[in-house]
1. Search the structure for amide H atoms under 5 Å from the amide H of Lys16, placed 1.01 Å from N in the peptide plane, and list their residues when 5 or more places away or on another chain.
2. Sequence-distant or interchain residues sharing an amide H contact under 5 Å with Ala43, placed H: which?
3. What is the mean projected area of the alpha carbon convex hull for the chain, to one decimal in square nanometres?
4. With θ set to phi - 60°, apply the Karplus curve 6.51 cos²θ - 1.76 cosθ + 1.60 along the stretch 4-15 and write out the HN-Hα couplings as whole Hz, x wherever there is a Gly or Pro.
5. What distance in nm lies between label points placed 7 Å from Cα along the C-beta direction at Leu54 and Asp35?
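Computed from the coordinates by the stated procedures, all read-outs in this text should not be read as laboratory data. Just so it is clear, the model here is predicted, and its values are computed rather than measured. Heads up, the Cβs are rebuilt from the backbone with ideal geometry, glycines too, and the neighbour counts pull from every protein chain shown.
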Amino acid sequence: MSLGPSEFVKSLDLPKSPGGRIGVDEWLRVPAVEDVFALGDCAGFLEKVGSPVLPALAQ
Ligand SMILES: Cc1cc2nc3c(=O)[nH]c(=O)nc-3n(C[C@H](O)[C@H](O)[C@H](O)COP(=O)(O)OP(=O)(O)OC[C@H]3O[C@@H](n4cnc5c(N)ncnc54)[C@H](O)[C@@H]3O)c2cc1C
């Protein structure tokens, strides 16, 4: 089962990772917006980072 990104995340006009999470760089910055970071289930690495999107786990 996959829950996928929330409607809120889907509604954000930001570059997304493969799978539709908020796209972040290797420092969890949202490169499209200054001083904005995203982490946890809502965030995923942008394709250009070259790292796989991490599994949605709390540990
Ligand atoms: C059934 C199930 C079982 C799981 N079992 C495990 C497990 O055994 N081990 C493990 O490591 N992980 C497990 N996970 C995954 C783990 O729960 C998540 O990876 C973790 O909770 C993600 O934390 P988060 O803070 O990123 O997001 P969340 O815990 O989802 O927190 C997001 C918060 O934002 C709030 N929110 C959403 N939209 C808005 C809004 N518009 N305004 C204000 N607040 C908002 C939500 O209400 C929520 O409180 C499980 C997940 C599920 C669904």
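1. Here Gly23 satisfy the definition.
2. It is Ile22, by chain and number.
3. Dividing the Cα hull surface by four gives the mean projection, 4.2 nm².
4. Calculated HN-Hα couplings, in order: x, x, 6, 4, 4, 4, 4, 6, 6, 8, 10, x Hz.
5. Here the modelled spin labels are 2.5 nm apart.
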